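Worksheet: one structure, shown below.
The values are calculated or read from the model by the stated rules, or taken from the named source; none is laboratory data. Owing to the predicted nature of the structure, the values given are computational and were not obtained by experimental measurement. No Cβ is skipped: glycine too gets one built from the backbone with ideal geometry, and neighbour counts run over all protein chains shown. Side chains included, ligands, DNA and RNA excluded: accessible areas come from the protein's heavy atoms. Shrake-Rupley method; radii C 1.70, N 1.55, O 1.52, S 1.80 Å.
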Amino acid sequence: MIIGITGTPGTGKTSACALLTDADILDLNKLIKNEGRNLGIDEERDSLIADMDAVSDRVREIARVGAGSGVGGVGENLIIEGHLAHHISDIAIVLRLSPDELELRLKERGYSEAKVQENVLAETIDVILVEAVEWCERVYEINTTGMTVEEVACAIREILDAIGRGIVIDGYQPGSVDWM
Ligand code: ADP
Ligand code: MN
């Protein structure tokens, strides 16, 4: 099973995953960049255009090799992280952040005004959540607004643990966040 930790850029995926040291989480953006699984640069967005077919093939290959051996996942699961993770995940954990807070973070990150607004709009209208619900078998949603990185990591750990043990947990139902 591929578990994807996803969300609009800036919602805190990489920061939270860095604290989950007991899990081996694959950074999709790094894979796309370092292994050249991209179709070139999107000049307008100043970002790499991911070759999702190639990324998907590679992630599935890693999942096959890693499953059960402890490489790249926990038990039979492979965990991946990045704003495209839900494209190739069976289960998605979607991080949400209030658009106002997201705007501040992305500006601080030095994103262009256009890129800030594009991402703030995407977060406001739930783009990634809707895609995840459409494409993935199961979706969990975490409203990270007002949470520390440690608290977000803790929530992710709780969800991963529940998935691993096959139990139901409350509090992360998709659709619980509404910025409108
Ligand atoms: P993503 O990987 O989702 O794009 P990052 O983890 O890179 O997001 O975080 C984006 C920015 O927000 C970074 O500057 C990071 O320090 C900050 N950040 C991440 N999580 C939190 C949090 N829970 N509270 C405050 N700032 C955060
Ligand atoms: Mn990131």
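Data for the structure
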| quantity | calculated |
| --- | --- |
| From the options Ile32, Ile80, residue that is crowded, with 19+ Cβ neighbours inside 10 Å, within 15 Å of ligand 2 (Cβ to nearest atom) and either among the small types (Gly, Ala, Ser) or modelled with pLDDT under 95 (or both) | Ile32 |
| Flag for Asp22 being among the charged types (D, E, K, R) and in a loop (DSSP other than H, G, I, E, B) | yes |
| Selection from the stretch 1-25 of residues that are more than 12 Å from ligand 2 (Cβ to nearest atom), open to solvent by less than 60 Å² (accessible area, probe 1.4 Å) and at pLDDT 95 or above | Ile2, Ile3, Gly4, Leu20 |
| Residue check for Ile93: modelled with pLDDT of 95 or more, within 16 Å of ligand 1 (Cβ to nearest atom), crowded, with 19+ Cβ neighbours inside 10 Å and in a strand (DSSP E or B) | yes |
| One residue from Val133, Val168, Val152, Val116 being open to solvent by 20 Å² or more (accessible area, probe 1.4 Å) and assigned to a helix (DSSP H, G or I) | Val133 |
